[in-house]
1. For Lys149 and Asn111 in the same chain, what is the full-extension length gain: residue separation times 0.36 nm, less their Cα-Cα distance, in nm?
2. Convert each backbone phi in segment 120-127 into a coupling constant with the Karplus relation 6.51 cos²θ - 1.76 cosθ + 1.60 (shift: θ = phi - 60°), then list the ³J(HN,Hα) values in order as whole Hz, x for Gly and Pro.
3. On full extension of the chain, what length is gained from Val141 through Ser57, given 0.36 nm per residue of separation minus the C-alpha to C-alpha distance?
4. Based on the Cβ-Cβ distance from Cys132 to Cys28, what FRET efficiency comes out when R0 is 25 Å, to the nearest 0.05?
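None of the figures in this text is laboratory data; all of them are computed from the coordinates on show. These figures come from a predicted structure and were not determined experimentally. Neighbour counts run over all protein chains shown; Cβ positions are idealised from the backbone, glycine included.
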Amino acid sequence: MKNEFVSIGLTNPKSTSNVGSVMRAAGCYGVDQVLYTGHRYDRAAKLTTDTKKARVSIPLMNIQLLGADNLIDAVDKEVKIVCVDLIQGATSLPAFEHPEKALYIFGPEDNTIGQDIVDRADYVVFVPTIGCMNLAASVNVLLYDRLAKSSRADAGDELICQSKDINNNVKVKNKETIRS
C-alpha cells in the first residue's frame, strides 16, 4: 500500500492505560494519528503505558480540537471508515480486506460504537473471539491483521535489528535445526 494512511479513532476512552497501550501499538505498526472523542480521557491524560513515547511522533488529539463533531468528520473524505466491534452483521476480521486509507473506529471499554457512526461506516468488522477483548488488545489485533495482509509482512533481519532493544542479542544460528 503506497499511499497508506492509518488512523485510529477511540470513542470516549476512559482508561489511560488502554490509551497508552493504543499509542504504543500505533508506534509499532506505523499509525499516522490517533483521534478520540469525549472527556473521560482528558481528565486523566498521563500515558503511563506508552513506554516508547509514541505520542511524540504520532498525534493524539481530541476531535474537538479539530472542530469536528464526530470521528468520521475528523478525517478526509477519501479515508474509508471501518468500525471494529462485536456488532451483529459485521464481517469477520480474517475475511476483511483493509482499505489503503482507513479510520478504524473502536468503541469505549464499557459500551459500544453509536448506531449513527455504524450507519455511516464503509465497513464494520469484528474479531472472532469468545467474549470481548480489551480495547488496546483489539487495536493490536486489528493492526497486526492489517500488517500481516500487506507487503510489509515480508520484513526480515533489518527490521529486527532496528526494532529490538539493546538487551536483545539473541540470533538463530542454524535455521535447519529449528523444529517445524
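1. 10.8 nm
2. 8, 6, 7, 9, 10, 10, 9, 8
3. On the way: separation 84, 0.36 × 84 = 30.24 nm, distance 2.16 nm.
Full extension of this stretch gives 28.1 nm more.
4. Efficiency for this residue pair is about 0.65.
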